[in-house]
Amino acid sequence: MDIITWPRGLESLLKAKAWLWSLISSGIVALVLLFACIRFPESTWKIALVGIGWFFFSRSMAEKTVTLVTVTSSSGEPEKIPSSRRWAASLGMLTFAIGICTQRWQIAIMGIVYSYLTAAAMWQNFRPRLPYLYDPWSEKLPPPPTLMHAMIAISILVEGGAVLTGLAMIPFGAKNIAVVQSVVYCVCAGVVLDSDGGIFVK
């Protein structure tokens, strides 16, 4: 009996791979969170919130990771992944982690949303590059400004604010973190919107 097949695009294949990765990671994290619920039953609802947040966060991280796909060169050596792409794929991780560790759920949600936005930005740049994986010198990236340029500017606000908020907990403590967080994000927003300094990517 003949088997009829048809070609499948690499983009849909990578999307399926990202979904598989997110399911595997969510299964591992679910076991850890289940153990935490057994050890700390009074915090079950908080642990459940972390699990729900991780389910969505892991999907966005997996979608960003698959855009780092590379091919081997004519000499058989793997192509080196640019450090800028690896850095972009990790955006949102620190914000989500700090939000969970400090129990500032709005920061954790912000990290999830930001991770999805960076995933969309990376896919916007990845789609024009995808047909030229074996011919990188012929690829044509979308002209700026793109969503990736906006994400670079927003990363200064989100990631910088998360780092400073985490550091501020050391001298000020968790009781005053709300006020400190407001001041920190005002400062970071001023840096991002400083057109004279040329920090905001137009």
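The values are calculated or read from the model by the stated rules, or taken from the named source; none is laboratory data. Because the structure is predicted, anything quoted here is derived from the model rather than measured. In this analysis, Cβ positions are derived from the backbone assuming ideal geometry, glycine residues included, and neighbour counts consider all displayed protein chains. To get the accessible areas, we keep the full protein, side chains included, count just its heavy atoms, and leave off ligands, DNA and RNA. Shrake-Rupley method; radii C 1.70, N 1.55, O 1.52, S 1.80 Å.
Quick notes on this one:
- Matching residues, segment 34-71, being in contact with an Asp or Glu (Cβ under 7 Å, 6 or more places away or on another chain) and of a type in the set (S, T, N, Q): Thr70
- For segment 81-124, filtering for residues that are aromatic (Phe, Trp, Tyr) and under 14 Å from Ile152 (Cβ atoms) leaves 2.
- Flag for Ser84 being assigned to a helix (DSSP H, G or I), on the phi < 0 side of the Ramachandran plot, buried (at least 21 other Cβ atoms within 10 Å of the Cβ) and among the hydroxyl-bearing types (Ser, Thr, Tyr): no
- Every pair of residues 6+ apart whose Cβ atoms lie under 7 Å, when the first sits in segment 56-72 and is touching a residue at least 60 places away in the same chain (Cβ under 8 Å) while the second is assigned to a loop (DSSP other than H, G, I, E, B) and open to solvent by 30 Å² or more (accessible area, probe 1.4 Å): Thr70/Glu79; Thr70/Ile81; Val71/Glu79; Val71/Tyr134
- One residue stands out among those in segment 73-106 that are without any contact (Cβ under 8 Å) to a residue 60 or more places away in the chain and among the aliphatic types (A, V, I, L, M): the one that is farthest from Pro131 (Cα to Cα), which is Ile100.
- Test: residue in segment 152-174 that is outside any helix (DSSP H, G or I), over 23 Å from Gly92 (Cβ atoms) and open to solvent by less than 60 Å² (accessible area, probe 1.4 Å): yes
- Residue check: Leu91 meets all listed conditions (1) surrounded by 12 or more Cβ atoms within 10 Å (Cβ to Cβ); (2) in contact with a helix residue (DSSP H, G or I) (Cβ under 9 Å, 6 or more places away or on another chain); (3) part of a helix (DSSP H, G or I) but one, namely (3).
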